[in-house]
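Derivation of every value follows stated rules applied to the coordinates shown; laboratory data play no part. Everything numeric in this text was worked out from a predicted model, so none of it was measured. Don't worry about glycine lacking a Cβ; one is built from the backbone with ideal geometry, like all the others, and counts go over all protein chains shown.
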Amino acid sequence: MSRERSFTIIRTAVSMLVAILVAFVIILLVSDQPVESIKIFLLRPFSSKRYLGNIVETAVPLIFSGLSMAILFKASLFNLGAEGIFFISGITGSIMAIWPKLPPVAFPIVCIMVGAVTGMAVMLVPGVLKAKYGASEMVTSLMMNNILLGVGLYLLNNMMRDPKVASLVSYKYRTNALLANILPGTRIHVGFLIALGCAVLAYIFLFKSKWGYEIRMVGNNGKFASYSGINVTKVIIIVHLAAGAIAGMGGIIECLGMHKRFEWTALPGYGFDGAMIAMLAGNNPIGVIGAAFFVSYLRIGADLVNRTSDIPTEMIAILQSIIILLISAERFLHKYKQNWIEKEVKG
């Protein structure tokens, strides 16, 4: 492993450690029983099968969103469209899960495919605008998120809403469409295995295929890649399609795995989480799994502390912000990096 790669891992680990230390400081400042609160935060998530299951359940959508963003970041594309795709793919996949009648095994597969195709179709818009006209993918994707939220809520209100329920939710999914649990006593569902499979496939796609090589070349230097004969326009569109498919799968898998009906009335936030997960993982699809579990662990620990002590849930937002700031700050540990690389060159 090169020292550059080793430094990236060390800086990420230090960022995580700093975030946890900040959590300790917050707990010491606001809690009447800081030692007990810290113990709950660190150890309670591992104290039972139920809490361990909560960590895995929470990590599943984070893996999908992290993979989607990692592929985009690898091509130096800052597209936040996964946020809206999670929502709209949940809507389209839920429509399939409510009305058609399909065989048990094929039913969830068809719903997931609908979600993936929805994600690809949506992501194609900022992808083509970027590839053909040079439009900022960040701006177009953010605007698309608002459009998708409005369209989704319209469909939920006028087509899918269950009039027998007071809140804004859809009709119940057909039982055959739901994803099966894989561990009794928890809500861990088949979507977890699909997420792991997607991470492996994304790694192969990025690091073992011709398309992945072209994506990495474009991400490193788009002009040089173009001079080398790589079709940058095609690469940008392929990246958006792949990221859209993964985000679309994540949206409907979260719905079919954790809910009995569509219940989101706002953007779920997973798309923005994906940016943090991808940054933590260094845009490595396998690393996304570990990053998702780390963030999930923090969230479950913070939730348990909030429910059993006097620590506010806002603590997790502070921790996430610190992690993003430290990882995105190029000057963080920069002197240490320079000294380490100089030693490698001299050696």
Considering residues of the range 29-78 that are of a type in the set (A, V, I, L, M) and not in a helix (DSSP H, G or I) only, the residue farthest from A135 (Cα to Cα): A75
Has the range 120-135 got at least one residue that is touching a Lys or Arg at 6+ places or on another chain (Cβ under 7 Å) and buried (at least 16 other Cβ atoms within 10 Å of the Cβ)? no
Unmet criterion (only one of (1) closer than 30 Å to I311 by Cβ; (2) in contact with a Gly (Cβ under 8 Å, 6 or more places away or on another chain); (3) charged (D, E, K, R); (4) surrounded by 15 or more Cβ atoms within 10 Å (Cβ to Cβ)) for R11: (2)
What number of residues within the range 171-222 are in a loop (DSSP other than H, G, I, E, B) and aliphatic (A, V, I, L, M)? 6
Any chance the range 224-240 includes a residue that's of a type in the set (D, E, K, R) and over 22 Å from L124 (Cα atoms)? no
I'd like the full set of residues that are free of Cβ contacts under 8 Å to residues at least 60 places away in the same chain and among the hydroxyl-bearing types (S, T, Y), limited to the range 7-53. S47, S48
Of all residues in the range 263-287, how many are buried (at least 22 other Cβ atoms within 10 Å of the Cβ) and over 22 Å from G197 (Cα atoms)? 1
What is the residue count in the range 223-277 for residues that are touching a Pro at 6+ places or on another chain (Cβ under 8 Å) and part of a loop (DSSP other than H, G, I, E, B)? 1
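Just to be sure I understand, how many residues within the range 288-304 are over 13 Å from A59 (Cβ atoms) and crowded, with 21+ Cβ neighbours inside 10 Å?
Qualifying residue count, the range 288-304: 2.
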